[in-house]
Structures are given as structure tokens and as C-alpha cells.
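A.B. asks: Have a look at this one before I ask anything.
The values are calculated or read from the model by the stated rules, or taken from the named source; none is laboratory data. Fair warning: this is a prediction, and the values are worked out from it, not measured in the lab. Please note: Cβ atoms are built from the backbone with ideal geometry, for glycine as well, and neighbour counts cover all protein chains shown. Surface accessibility is based on the protein's heavy atoms, side chains included, excluding ligands, DNA and RNA. Shrake-Rupley method; radii C 1.70, N 1.55, O 1.52, S 1.80 Å.
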Amino acid sequence: MKKTKSALSLAMVVAMAATSAACGNGGDSKTAATSTVTPAPAATTKPVESEKPKEFKMTLRHTEIRDTAKANLAILQDVVKATETAVPGLKIELDGVEDVVNRDTKLKAEMQAGSPPPIFDLFGGADTQNYSKAGKLLDLTPIIAELGLKDKFMNLNEFTVDGKVYGLPRAGFVEGVFYNKKIFADAGVQVPKTWDEFLKVCEALKAKGITPIAMAGGAGDGWVLNMLTNTLFVRLGGPQIQEGFAAGKTKWTDAPVVEAFKKMDELKQKGYIDKNVIATKYADGQAKFYTGQAGMLFDGSWASSGIMGKNSKVADDASFFNFPSMGGPGDDMINGGWSNGYGFSSKLNDNELKVVKAFIKNFYTEANQKRALKESGNIPAMKLTDIGDAKGLIADVVQAQLSAKKGAFPAFDALVTPAVKKTLEGAMEELMGGKVTPQKVAEKVQAAQDAK
């Protein structure tokens, strides 16, 4: 994207005029000499004290609670301060909740009860569609037009329902493979371009006593397994296969999806995925990579902050590549989108609506987007004139996104019901634990799809 520069020259002419008026009080010349006049005491006016703004509180639900999210939290805290300054009397209370708990449990219950926070972390796609159709989300279409933001976002599709915008992405994402360049060089391997080459890389790393793929998948983190699974079945069947799930045009038992489950099982059976995967929490899986115990990590671009963080031993050796081709219609695509953002309750009074407008104005700026890109590796949700001084791993991630010739496809869970998402997570944990077959996983998820 070309960078446009503009220079403004200002010439200012200041004209000042002062006027003065004098008032005289003429006495009556015929006034008797003996009369005396006692002047009235000067009137005293008590200065009017400015009324102190009435204080009020608003809750802002966010998910920036992990150590790796500290940079994002700092940006949010700065925005909160600016918003409080813009709206006299306002006090924003930050409510940090783990993202899965917020999405699958807390926010869902609040929506059903009709009592969501005024501002909250919102997932695009199915969540936004369901909540907007239930009348729970504020229509932001006129607000972003008023603030001049209508055409400033990369993509608002996941937050748009029937032509109206009900949420704003705070950042985009891509999912792919982080890898340790030093470990690859020591093992004599290069970035793989095909599935067969990928398996050879895994085997070479395993032969060196290195865990090929760090991954989590247990204790409620089954969603982590499904990032790679999602990429596999889109590689094999194309994005249309997941687009057809909800409409019934495609099934989870279709051959490309079952084959993706088989590939995941193959990686586990051959020892290429961490053998303790179903007992590993997400943060621990990430840590195995950034402490140098694994050669690769399949994760989202948000993982960049941890990989570059103070606890990382691989910050200078880490890079990123799009998952290799598998000979299917989904090759040369990347799993990515703009799914994570903020939504706002439809039940707001006038003061709260002012706060929402101030928050959006302060949060969604090019400066904040560049800051999040540099400090956390967040893929910008807004159109930027340039990427600032981002470099190293972050630049590698952005380059992988730009190099995906066929573009991006959304995460499957933006397209299916929460019940299907939850069923797939549990079934994949069972697959990685050797309790079910790939075919059985497909049948379980399809049953959940049919029961919608």
C-alpha cells in the first residue's frame, strides 16, 4: 500500500480590537447644599460554583488477561483514561474474563438474561448474528458514519447482519506455523511447501529429540486442536466445505473433513504432536515453543506477543509460514479474518451512548493499530497508510498473510452453532487421546449439526 504524505501550511492573521466605555453619573445642579446623600452599599454577588458532573460507572468486559496480552491491555487502559476524560463524571470498570469463558459461558448467560455489559468482547460471525437478531446489540452503522470510520476497516463482514454493523473488530488474525529457524538449521531442514515435506520436517526434528509441533488441547482448550484441523479440511476441501455446514450443503462426514481428522490422528500417532497434548493448557503449549523445546507451533498471530516476550528464549530465532499445500482446492489460502472485537448493548441511556461514541473514537485510531501491531503482533483491523516500524517476526506474519494468493478464509466456528463447536472440541480431545476414530469424530459432530 502506497504511503501518502500531505503537508499543510497555515497562515494565521489575528486582529484584535478593544473598546471601552465610561459611564458618568451627573448630579442635579439644583441640589441643596444641606442635603446629604448616603451611597447605597455595593451589591455583592456570590460567584456561581460550577456544578460537579454527576458521577456514573460503566463496565467494560475484555479478554486481555494473559501475560502475553499485557501490551493489548495497556492500550485498552490508555483508551479508558482518554474516554473518562472526554466524558465528565465517567468511571469505567474493567472486567477481565478469559476469552472462552466470556464467549461460551458468561456472555451467553448475560444475553439470555438481557443484562450484558454496556461494552464487551464480542466474536463475529454466528455470535453476532444470533445476538443482533435477538435485539441485544447496538446498531453501530450511524455511529461509525458520524465518526468518519465507515470506510476505515479492512473487513466488517463478520460483524455485519442484514447490512447493519453490530460490532467492530479490534484486530485481525491469521493462523499458521511459527517455527524456530535455529532448530530447523540444526536439523538440516527448510520451510516445507507440501504435506510430504512437512512430514519429513517433523521426522527430522523428532530424530533430534525435539518435539516437532507444540500444541495444547486439554482441560477446556480443545479449541486449540481445531485451529490446525480447520486449516487441514479447508486445504483438502476448499472454503466452500465449511461455508456449507450451516446450510446443510456439506457434512462433517464428507471425505475431505474425515481425511483432515485422519491427518491429525497421523500426526499424533507418529509422535509429531506433543505426546501430552490433551493434558496441556494453551499457555503451556505456547511456552514449550518459546522456551525452545519444540520446533514448531501452530497458532494464531496473537501468539507473537508471547514469542517475543520477556520469557521467550527464541525471540530472535522465530519466524512464521503459511501451512503447506496439500493438493486440494484450499491451497494458497490462509485461515484469517477479523473475528475478535467489541460489541455494545442495545440498552443504553444517553450518557452511556456518549461513552460508547467516545470509546470508539479513542480506540479505533491508526496510532493504536500500529502500536498493537508492533507490540503484540496484532494484524491491523483498520486500513493503515503503512505498518510503522514493525519488523522481525511481526513482519513475517504480515508477509505470510499478504502472500496467500487466494486470500483468507474465516475460522469455522464463526460459521457454525456453539453446540457444533463444543462437540468438535470434545471429539478432537478424544481423538488425540486415542479413544475414538476419525470417522467417529465426524459422526459425532454431524449429529450435533443435525440437531441444531
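A.B. asks: Can you confirm whether segment 62-71 contains a residue that is assigned to a helix (DSSP H, G or I) and open to solvent by 50 Å² or more (accessible area, probe 1.4 Å)?
C.D. replies: Yes: one or more hits.
A.B. asks: Do you know which residues across segment 434-446 are free of Cβ contacts under 8 Å to residues at least 24 places away in the same chain and assigned to a helix (DSSP H, G or I)?
C.D. replies: Within segment 434-446, Lys440, Lys444 meet the criteria.
A.B. asks: On to the next question. Any idea which residue in segment 374-395 is farthest from the chain's Cα centre (by Cα), counting only those that are buried (at least 18 other Cβ atoms within 10 Å of the Cβ) and closer than 18 Å to Val177 by Cα?
C.D. replies: Top of the filtered list is Leu393.
A.B. asks: Please tell me if Thr128 is outside any loop (DSSP other than H, G, I, E, B), among the hydroxyl-bearing types (Ser, Thr, Tyr) and over 28 Å from Asp350 (Cβ atoms).
C.D. replies: Spelling it out, it is not the case that Thr128 is outside any loop (DSSP other than H, G, I, E, B), among the hydroxyl-bearing types (Ser, Thr, Tyr) and over 28 Å from Asp350 (Cβ atoms).
A.B. asks: Hey, another quick one. What are the pairs, 6+ residues apart or on separate chains, where a residue within segment 77-105 that is open to solvent by less than 40 Å² (accessible area, probe 1.4 Å) has its Cβ under 7 Å from a residue that is of a type in the set (Phe, Trp, Tyr) and in a helix (DSSP H, G or I)?
C.D. replies: Short answer, once both residue conditions are applied: Val79/Phe359; Val79/Phe363; Thr83/Phe359; Val100/Trp223.
A.B. asks: Looking for whichever is out of contact with any Phe, Trp or Tyr (no Cβ under 8 Å at 6 or more places or on another chain), within 23 Å of Ala400 (Cβ to Cβ) and surrounded by fewer than 20 Cβ atoms within 10 Å (Cβ to Cβ) here; the options are Gly309, Gly292, Gly271, Gly285. Which one fits?
C.D. replies: Gly292
A.B. asks: I've got another one for you. Of the residues that sit in segment 398-433 and are touching a helix residue (DSSP H, G or I) at 6+ places or on another chain (Cβ under 8 Å) and not in a helix (DSSP H, G or I), which one is surrounded by the most Cβ atoms within 10 Å (Cβ to Cβ)?
C.D. replies: Ala411
A.B. asks: Another question, then. Give me a count of the residues in segment 188-222 that are in a helix (DSSP H, G or I) and without any contact (Cβ under 8 Å) to a residue 40 or more places away in the chain.
C.D. replies: 4
A.B. asks: In addition: Which one is nearest to Lys361 (Cα to Cα) among residues in segment 128-153 that are of a type outside the set (D, E, K, R) and open to solvent by 70 Å² or more (accessible area, probe 1.4 Å)?
C.D. replies: Pro142
A.B. asks: Here is a further query. Return the residues of segment 94-116 that are among the charged types (D, E, K, R) and under 20 Å from the mean Cα position of the chain (by Cα); say none if nothing qualifies.
C.D. replies: Residues satisfying the conditions are Asp95, Glu98, Asp99, Arg103, Asp104, Lys106, Lys108.
A.B. asks: Quick check: is even one residue across segment 248-265 out of contact with any helix residue (DSSP H, G or I) (no Cβ under 9 Å at 6 or more places or on another chain) and not polar (S, T, N, Q)?
C.D. replies: So far as segment 248-265 goes, no, none of its residues is out of contact with any helix residue (DSSP H, G or I) (no Cβ under 9 Å at 6 or more places or on another chain) and not polar (S, T, N, Q).
A.B. asks: Cβ-Cβ below 9 Å, separation at least six or inter-chain, first residue in segment 396-416 and over 21 Å from Phe123 (Cα atoms), second in a loop (DSSP other than H, G, I, E, B) and β-branched (Val, Ile, Thr): which pairs?
C.D. replies: Short answer, once both residue conditions are applied: Val398/Ile387.
A.B. asks: Mind checking which residues of segment 161-174 are part of a loop (DSSP other than H, G, I, E, B) and open to solvent by less than 10 Å² (accessible area, probe 1.4 Å)? It would help to see each step written out before you state the result.
C.D. replies: Residues of segment 161-174 part of a loop (DSSP other than H, G, I, E, B): 162-163, 166-167.
Across segment 161-174, the qualifying residue is only Gly167.
A.B. asks: Which one of these does Lys182 not meet: (1) in contact (Cβ under 8 Å) with a residue 40 or more places away in the chain; (2) open to solvent by less than 60 Å² (accessible area, probe 1.4 Å); (3) not β-branched (Val, Ile, Thr)?
C.D. replies: (2)
Yes or no, residue by residue, for (1) charged (D, E, K, R); (2) surrounded by fewer than 21 Cβ atoms within 10 Å (Cβ to Cβ); (3) over 29 Å from Ala381 (Cα atoms); (4) touching a strand residue (DSSP E or B) at 6+ places or on another chain (Cβ under 8 Å):
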residue	(1), (2), (3), (4)
Ala126	no, yes, no, no
Gly176	no, no, no, yes
Val189	no, yes, yes, no
Ala219	no, yes, yes, no
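A.B. asks: Taking the stated definitions as given, is Asp254 under 22 Å from the mean Cα position of the chain (by Cα) and modelled with pLDDT of 95 or more?
C.D. replies: no
A.B. asks: Taking segment 159-179 as the search range and keeping residues that are of a type outside the set (Gly, Ala, Ser) and free of Cβ contacts under 8 Å to residues at least 40 places away in the same chain, which one is nearest to Asn335 (Cα to Cα)?
C.D. replies: Across segment 159-179, the extreme among qualifying residues is Thr160.
A.B. asks: Consider Leu225 carefully, then state whether it is closer than 27 Å to Thr250 by Cβ, touching a residue at least 60 places away in the same chain (Cβ under 8 Å), assigned to a helix (DSSP H, G or I) and over 23 Å from the mean Cα position of the chain (by Cα).
C.D. replies: It is false that Leu225 is closer than 27 Å to Thr250 by Cβ, touching a residue at least 60 places away in the same chain (Cβ under 8 Å), assigned to a helix (DSSP H, G or I) and over 23 Å from the mean Cα position of the chain (by Cα).
A.B. asks: From the list Ala82, Ala185, exactly one residue is under 23 Å from Phe363 (Cα atoms) and in a helix (DSSP H, G or I). Which is it?
C.D. replies: Exactly one of Ala82, Ala185 is under 23 Å from Phe363 (Cα atoms) and in a helix (DSSP H, G or I), namely Ala82.
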